[in-house]
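Asker: First the structure, then my questions, so here it is.
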Amino acid sequence: MSLLTELKANLAALDHASQRRKRRVVSSPCAPQVTVDGRKMLAFCSNDYLGLAAHPDISSALAEAVQRLGTGSGASHLVSGHYDAHEKLEARLAAFTGCERALFFSTGYMANTGILPALVGRGDAVFADRLNHASLVDGALLSRAELVRYPHLDLDRLSAALEKTPAKRRAIVTDSVFSMDGDVAPLGRLLELAEQHDAWLVVDDAHGFGVLGEAGRGALAEAGLAHWRIVMVGTLGKAAGVAGAFVAGQADVIEWLMQKTRTHIFTTASPPALAEALLAALDLIEQGDALRHQLAANIAVFRQTLSLKRWSVSPSRTAIQPVVIGDNAETLRVAARLAENGLWVPAIRPPTVPAGTARLRISLSAAHRVDEVRHLAQTLNGLEREQ
């Protein structure tokens, strides 16, 4: 079998298993009401949890900065691409999260795949929740440390693994809010284990930053945790509504990461105009209690209205509200029926989630109206009875 023939056969196998991914083309701003593939739909897809992705204050800050600073940075941060806007953003992120220092990255994937190889290596060990985001898994693999994956939220298994490891250095790695389930990690207990076993605690707060904690400072702030061994990752393309990511922590830790993280060193810096837009977004997050209250109200309405017998909704208190159907083909059929009703909800299948747990990943936003959320839940109730 030639390489191309084998590849075509593998694509056919994805089709047979209802696992081939397809892209949709959006031609309107990120918002609940979108135009996708030329059709107007009500979207429950994006991670724009506070509805800031098309906010006029952020758009104006970006447009003004482009006129003043241009469209590119020209080089990596450590050559000539680190602008005063980047410097101000890092200082603001550090202060906002209550950390000594922050380091800006172009994407969350780059942050997660870069920091773990800078913290651990051969002879060390990474202890990771089995449902961590793929970027954390890839970062652990790139580090060449031993990767120990413990069952989701099973801290007894994690503790036992930490007790018996001979690793020189250790890192416990977790999502704060798990991206496909919406549940929240027990960060306080994880920090206790990190202290007991002298380990780093790396927390990917991609889905908590901007939403959880006082003024949206994130899951660690909500848990009241601060420690030099905590390395916090936050993304800026979700609740912040723009793009990029950051790592925050103790000053010497961040200095080391700046010196050793390849995904920060060996890439062109993001345009400085994006940093200016993010400074405006941080103002809106800090002043966004009304948006967080609206999001909480939407979550409550969705869960109160949903009445399922065969399918199940995950026990999530966050904006991520997965409806687990199980079978890949049935999940695709339900997503298609929702689309026929003008509702865009993504069907998530293995390998993104474990086999047998295909689901509709519903993302709620403060920008959704209560009647729109109720309509989605009622439509799901009806579709379950149809299947």
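The values are calculated or read from the model by the stated rules, or taken from the named source; none is laboratory data. Since the structure is predicted, the reported quantities are computational estimates derived from the model, not experimental observations. Neighbour counts run over all protein chains shown; Cβ positions are idealised from the backbone, glycine included.
Asker: Let me spell it out: the conditions are (1) over 28 Å from Met232 (Cβ atoms); (2) assigned by TED's automatic domain parsing to the domain that holds Asp205; (3) of a type in the set (Gly, Ala, Ser), and Ala65 meets all of them except one. Which number is the exception?
Answerer: Failed condition: (1).
Asker: Whether any residue in region 263-270 is assigned to a helix (DSSP H, G or I), at pLDDT 95 or above, assigned by TED's automatic domain parsing to the domain that holds Val173 and hydrophobic (A, V, I, L, M, F, W, C) is what I want to check.
Answerer: So far as region 263-270 goes, yes, one or more of its residues are assigned to a helix (DSSP H, G or I), at pLDDT 95 or above, assigned by TED's automatic domain parsing to the domain that holds Val173 and hydrophobic (A, V, I, L, M, F, W, C).
Asker: Scan region 227-257 for residues that are over 22 Å from the mean Cα position of the chain (by Cα) and crowded, with 17+ Cβ neighbours inside 10 Å and report the count.
Answerer: The qualifying residues number 2.
Asker: For region 1-22, what are the residues that are over 33 Å from the mean Cα position of the chain (by Cα) and among the charged types (D, E, K, R)?
Answerer: Answer for region 1-22, where residues must be over 33 Å from the mean Cα position of the chain (by Cα) and among the charged types (D, E, K, R): just Glu6.
Asker: Hey, another quick one. Would you confirm whether or not region 363-373 contains a residue that is outside any helix (DSSP H, G or I) and at positive phi?
Answerer: No, that holds for no residue.
Asker: Starting from region 5-27, keep only residues that are without any contact (Cβ under 8 Å) to a residue 60 or more places away in the chain and surrounded by 11 or more Cβ atoms within 10 Å (Cβ to Cβ), then list their pairs with residues that are assigned to a helix (DSSP H, G or I) and not charged (D, E, K, R) whose Cβ atoms are within a distance under 6 Å, requiring at least 6 positions of separation or different chains.
Answerer: Arg20/Leu14
Asker: Moving on to the next point. What number of residues within region 212-229 satisfy the criterion of being part of a loop (DSSP other than H, G, I, E, B) and touching a strand residue (DSSP E or B) at 6+ places or on another chain (Cβ under 8 Å)?
Answerer: 5
Asker: OK, next. Applying the selection to region 349-387, what residues are within 17 Å of the chain's Cα centre (by Cα), within 18 Å of Arg23 (Cα to Cα) and surrounded by 21 or more Cβ atoms within 10 Å (Cβ to Cβ)?
Answerer: If the condition is that a residue be within 17 Å of the chain's Cα centre (by Cα), within 18 Å of Arg23 (Cα to Cα) and surrounded by 21 or more Cβ atoms within 10 Å (Cβ to Cβ), then Leu360, Arg361, Ile362, Ser363 are the ones that fit.
Asker: Scan region 84-95 for residues that are farther than 12 Å from Glu276 by Cα and surrounded by 23 or more Cβ atoms within 10 Å (Cβ to Cβ) and jot them down.
Answerer: The one that is farther than 12 Å from Glu276 by Cα and surrounded by 23 or more Cβ atoms within 10 Å (Cβ to Cβ): Leu93.
Asker: From the list Ala273, Ala280, which one is at pLDDT 95 or above, outside any loop (DSSP other than H, G, I, E, B) and within 30 Å of Ile362 (Cβ to Cβ)?
Answerer: Answer to the selection: Ala280.
Asker: Between Gly70, Gly81, Gly51, Gly38, which is over 25 Å from Val137 (Cα atoms), surrounded by fewer than 18 Cβ atoms within 10 Å (Cβ to Cβ) and touching a residue at least 40 places away in the same chain (Cβ under 8 Å)?
Answerer: Matching residue, one of Gly70, Gly81, Gly51, Gly38: Gly70.
Asker: Is region 327-349 home to any residue that is assigned to a loop (DSSP other than H, G, I, E, B) and hydroxyl-bearing (Ser, Thr, Tyr)?
Answerer: No.
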